[in-house]
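A quick write-up on the structure given underneath.
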Amino acid sequence: MEQKKKGSPPSKAPQTRAEHLHKSQGISLPKRIEGKRAGAAIAPRSGRKG
Amino acid sequence: MSFVNISAVRTADPGNVWVPKHSFRPSDPFAVVLDIQVDNAVVEEGLVFDATFQINNPRDDPYSTSWYTVLSSGDSVGVTSVVWTWKSVSFQWGTNFAFWVFFDHYADAVSHISGGEQLQGIFYAQGAINILDSDLFATSPQFWYKVRP
């Protein structure tokens, strides 16, 4: 059974596999294109047919 | 009884999100669009939702068609879907609206993907809505599209 060291703060569990790889082994995944090339938008359908 | 529904999902040109587009070149603009309906009670309660958009390559055979991504160590991991999430979105657009993610180029959406089918093949898009602080959620059907050189 794993024993926790006294006095060490609880570490936050990685939320993603990418975070886990980076935290446990220092391995990074390639970066995805974000920012100005990607976005999201919303528009109401009111007034549209179909 | 409150409800949320995704009546349709489609890929589209971001400049014309109401019209489905089934075939893309790598340089084409690209969007994944969800048509969403909720009842007015959800809007009036001020609830918010997380939206998930994804594109999928179901051909997960490492000897032929699979998508994968290369780690900084040089190792690789298989990737069957590319997922984008938008969190804590309000229902400011009412009870019947479309929500989409978009890219200037299809190639940008799969920029981290390797494999012979990165930029060609037949894939599908789908999405989900998760209304926070409630039991409500909705999932979309699959919408198939093609990418060709």
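No lab work stands behind these numbers, since they all come straight from the coordinates. Keep in mind it's a predicted model, so treat the numbers as computed, not measured. Positions of Cβ are backbone-derived with ideal geometry, glycine not excepted, and every protein chain shown enters the neighbour counts.
By counting other Cβ atoms within 10 Å of each Cβ, how are B:124, B:106 ranked from fewest to most?
B:124, B:106
Find which of B:62, B:40, B:14 sits farthest along the positive direction of the dipole of the protein assembly as shown, computed with +1 on the beta-carbon of Lys and Arg, -1 on that of Asp and Glu, about the Cα centre.
The listed residue farthest towards the positive side: B:62.
Taking 0.36 nm per residue of sequence separation and subtracting the Cα-Cα distance, how much length would be gained by fully extending the chain between residue B:83 and residue B:16, in nm to one decimal?
21.9 nm is the gain from fully extending residue B:83 to residue B:16.
Helix-derived [θ] at 222 nm for chain B: sum -39500 (n - 2.57) over DSSP H runs of at least 4, divide by residue count, nearest 500?
That comes out to -1000 deg cm²/dmol.
Which residues among the range B:72-93 fall inside the zone where the amide N is under 15 Å from a point 7 Å beyond the Cα of residue A:22, along Cα→Cβ?
Taking a point 7 Å out along Cα→Cβ of residue A:22, the residues of the range B:72-93 whose backbone N falls under 15 Å are B:72-73.
Note down the relative contact order for chain B as a percent, whole number, built from C-alpha pairs under 8 angstrom at least six residues apart.
35 percent
Rounded to the nearest 0.05, what FRET efficiency do residue B:1 and residue B:90 give with R0 = 25 Å and r taken as the Cβ-Cβ distance? Could you check?
Working: r = 22 Å, r/R0 = 0.87.
About 0.70, to the nearest 0.05.
So what is log10(I(q)/I(0)) for the range B:4-147 at q = 0.14, 0.16, 0.18, 0.21 1/Å, when the Debye sum runs over its Cα atoms only?
Listed by q, the Debye log ratios stand at -0.69, -0.85, -1.00, -1.21.
Only counting other Cβ atoms within 10 Å, I'd like B:68, B:63 sorted with the fewest neighbours first.
With the sparsest Cβ surroundings first, the list reads B:63, B:68.
Could you give the nm distance between label points at residue B:39 and residue B:133, where each point is 7 Å from its Cα heading toward the beta carbon?
2.0 nm
Taking the Cβ of each residue in A:12, B:21, B:146 as the centre, tally the other Cβ atoms inside 10 Å and list the residues starting with the fewest.
Listing A:12, B:21, B:146 from fewest to most nearby Cβ atoms yields A:12, B:146, B:21.
Which of B:92, B:37, B:118 moves the most in a Gaussian network model of chain B with Cα springs under 10 Å?
B:92
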